[in-house]
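J.: Let me begin by handing over the structure; questions about it come next.
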Amino acid sequence: MDKLLIEGPAKLSGIVKISNSKNAYLPILAGVLLSSKRVRLKNLPALRDIRTMVKLLENLGVKSTPDITKANYSFLADNITSLEATYDLVKTMRASVLVLGPLLARYKRAKVSLPGGCAIGTRPIDIHLSCMSKLGAKVQLEGGYVEVSAEKLIGTRIVLPFPSVGATENVMMAAVLAQGETVIENAAMEPEIEDLGNFLIAMGVKIEGLKTSSIKVQGTTVSNLKEVEYEAIPDRIEAGTYLMAALATHSEITIENAIASHLDCVIDTLKNMGAKLEIGKRQIKVFASTLKGVNIDTAPYPGFPTDLQAQLIALATQSNGQSIISEHIFENRFMHVPELNRLGAGIVLKSNAAIIPGNLQLKAAPVMCTDLRASAALAIAALAAHGTTQMQRVYHLDRGYDGLDIKLKNLGVNISRKNDSEE
Ligand code: EPZ
């Protein structure tokens, strides 16, 4: 297993280019299953989760052809040979459940392993399944698998009990080949949902209400779906991560390929803390800033994203004054706190709130990555800590950050990747 060695305190300088969004491409890749025509996707980020989803599609019979750069892919799902997403893949990536909607829509059956217990909570798929049954599917749970089947899917009005991102995406895709119109109320409004909608529209699907909590999908047929070429939006969570890394090290950097309007709440929060930012059309410039503490609660979009909660906690250790950061989306998303405390962060957890004293000089120590965004928080803290921090189980980080060590090295950080066998 790889580990990262990060020398701190570090100063970042220069330009970092954000990769395209993992959480936009994962549902779009699942959407490849809806069509029998060619789908070309451009500039896929080099991430473990993307490779896992491509492998899942190939296991189902999708032909995938990367170009020489391995960033652009051509897919053809004209001869699906399996309707089952097996446990060995689903257990490594919860987003595998996103094949449920497209397979049910096109083949009227799908069998998907229930997602394994994820580090950040139980994360059931009950909302996904109740939506599929509202469209007319029969849902059976057996042996750790869920099987959905239907004679046909009939479009209908569905009200989500919670604006679940994955459930919204699964229903949107199932609705594409249902008969008639489906209206999804209380839909998630994350930019990645809008991006999936734009991808489906490019395929020829009629969708209204993107960027709102009420999405209308007109059912169509496979033969009506067109060949499509598409590129997803930049990764707003990666952009927010570099924003906070620069602020935690009092650095000045330019973040390119970042859509600031996808980070409104994050930018407002950071500005309220004292961050000096210059917002461009597709870039954000960060200046060395003196920050004060912050009190914030995570919320569904457009509120403060849970995927930047861990990184904000790491930043808050470097802010003047106490911060209180509360998590409302996941019931167990503070795995990074004990690890940050090994660096001397002095964080106290009270129910779903983290209390960060701030203004502390962190000291390097060996730390363990536990999940994707926790790993990003540890990297930010390591940049601020005095000494060389060793981050273990970096495979968590590689799930969702495209070349973080290379990008940090290009920003002037003394960082190296070691494989255990190199010990
Ligand atoms: C997506 O996960 C993202 N993943 C997550 O990003 C992100 O944290 C999350 O949305 C919230 O923004 C992808 O897009 C691939 P949810 P998802 O369904 O779809 C509960 C990252 O770091 N819930 O909105 O799984 C669930 O337990 C990842 O990139 C149910 O109870 O999120 C959780 O508490 C981590 N039943 C909450 O809702 C359901 O059927 C949010 O889940 C579905 C969800």
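The values are calculated or read from the model by the stated rules, or taken from the named source; none is laboratory data. What you are looking at is a predicted structure, and each value in this text was computed from that prediction instead of being measured. Neighbour counts run over all protein chains shown; Cβ positions are idealised from the backbone, glycine included. These accessible areas exclude ligands, DNA and RNA; they are computed on the full protein's heavy atoms, side chains included. Shrake-Rupley method; radii C 1.70, N 1.55, O 1.52, S 1.80 Å.
J.: Just the residues that are part of a strand (DSSP E or B) and hydrophobic (A, V, I, L, M, F, W, C), please, taken from the stretch 1-24.
T.: Leu4, Leu5, Ile6, Ile15, Val16
J.: Based on this model, can you work out whether Asp78 counts as assigned to a loop (DSSP other than H, G, I, E, B), acidic (Asp, Glu) and surrounded by fewer than 15 Cβ atoms within 10 Å (Cβ to Cβ)?
T.: yes
J.: Residues in the stretch 313-341 that are touching a Pro at 6+ places or on another chain (Cβ under 8 Å) and over 19 Å from Thr298 (Cα atoms): how many?
T.: Adding up the residues that qualify gives 0.
J.: Could you list all residues from the stretch 381-403 that are assigned to a loop (DSSP other than H, G, I, E, B) and over 11 Å from Ala365 (Cβ atoms)?
T.: Arg393, Val394, Arg399, Gly400, Tyr401, Asp402, Gly403
J.: So, in the stretch 222-239, exactly how many residues are open to solvent by 80 Å² or more (accessible area, probe 1.4 Å) and part of a helix (DSSP H, G or I)?
T.: Final tally of qualifying residues: 2.
J.: Now for a separate question. Can you find a residue in the stretch 43-64 that is touching a residue at least 40 places away in the same chain (Cβ under 8 Å), among the polar types (S, T, N, Q), farther than 26 Å from Met391 by Cβ and away from the ligand (no atom under 15 Å from the Cβ)?
T.: yes
J.: Out of all the residues in the stretch 359-370, is one or more open to solvent by 20 Å² or more (accessible area, probe 1.4 Å) and within 23 Å of Asp268 (Cα to Cα)? Talk me through it step by step, then tell me what you get.
T.: Pass one, the stretch 359-370, residues open to solvent by 20 Å² or more (accessible area, probe 1.4 Å): 359-361, 363-364, 366, 368, 370.
Applying the additional criterion that residues be within 23 Å of Asp268 (Cα to Cα) yields 359.
Yes, the stretch 359-370 contains at least one residue that is open to solvent by 20 Å² or more (accessible area, probe 1.4 Å) and within 23 Å of Asp268 (Cα to Cα).
J.: Hey, does the stretch 8-27 have a residue that's more than 28 Å from Arg373 (Cα to Cα) and surrounded by 23 or more Cβ atoms within 10 Å (Cβ to Cβ)?
T.: no
J.: How many residues are open to solvent by less than 70 Å² (accessible area, probe 1.4 Å) and over 29 Å from Val266 (Cβ atoms) when one looks only at the stretch 199-215?
T.: Result for the stretch 199-215: 3.
J.: For the stretch 65-74, state whether one or more residues are assigned to a loop (DSSP other than H, G, I, E, B), at pLDDT 95 or above and touching a helix residue (DSSP H, G or I) at 6+ places or on another chain (Cβ under 7 Å).
T.: no
J.: Now for a separate question. Conditions: (1) out of contact with any Ser or Thr (no Cβ under 7 Å at 6 or more places or on another chain); (2) assigned by the TED database to the domain that holds Ser289. Glu238 meets all but one. Number of the miss?
T.: Result: Glu238 passes all but (1).
J.: Select from the stretch 301-324 the residues that are more than 22 Å from Tyr401 (Cα to Cα) and within 15 Å of the ligand (Cβ to nearest atom) and list them in ascending order.
T.: Step one: of the stretch 301-324, the residues more than 22 Å from Tyr401 (Cα to Cα) are 302-303, 317-324.
Those that are more than 22 Å from Tyr401 (Cα to Cα) and within 15 Å of the ligand (Cβ to nearest atom): Pro302, Gly303.
J.: Quick check, is Ala174 touching a helix residue (DSSP H, G or I) at 6+ places or on another chain (Cβ under 6 Å) and in a loop (DSSP other than H, G, I, E, B)?
T.: Taking the combined requirement at face value, the residue does not satisfy it.
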